[in-house]
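Everything below concerns the one structure shown next.
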Amino acid sequence: MRLDQIAAAALSHLLGRLLRRAMAAVIMAIFAIVAIYQFSVAGILQLASLYGLVNAHLIVGGIYAVLALAGFVTFWAMRGRNTTSTTPALAQTREMQIMMLVEAVMLGYSLARKSGRA
């Protein structure tokens with residue numbers, strides 16, 4: 001087998017797997033939406049017998065509004081944060097941290113190679 005054939009087979013396998021996972025996710029999303037709809041209808045019917053049809057729709061709409069607000073607050077809380085800090089030790093860039101880590105590894109390696117006789 002040539003290299004391009006191996007690459008094509010690997011890509012085909014990867015895309016096929018990704019496509020199957022995407023289809024499964026779409027099917028699960030459709031079932032979840034249908035379940036939410038059915039539970040909403042059942043809830044409205046039960047609430048309509050207790051509070052009336054208009055109030056039942058208002059209650060279910062309020063529940064969905066609170067859930068949407070909770071999702072918005074969650075996304076707002078997870079937003080990107082500014083990583084700059086006023087503390088000099090915390091304000092180092094990622095490259096500087098990696099450079100210091102490599103330097104520490106090299107120093108440890110050189111100390112480990114030295115014999116116990118000085």
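Across the range 1-56, counting alpha-carbon atoms alone, Rg and Dmax equal 23.0, 72 Å. Counting every other Cβ atom within 10 Å of each residue's Cβ, His57, His13 order from fewest to most as His13, His57.
A Gaussian network model of the chain, with springs between Cα atoms under 10 Å, assigns the largest mean-square fluctuation among Ser49, Ser40, Ser12 to Ser12. Computed on the Cα atoms alone, the convex hull of the chain gives a volume of 301 cubic angstrom per residue. Considering only Leu11, Leu67, Leu50, the Gaussian network model of the chain with Cα springs below 10 Å gives its largest mean-square fluctuation to Leu11.
No value in this document is a laboratory result; all are computed from the given coordinates. Not measured: the values here are computed from a predicted model. Glycine gets a Cβ as well: all are built from the backbone with ideal geometry, and neighbour counts include every protein chain shown.
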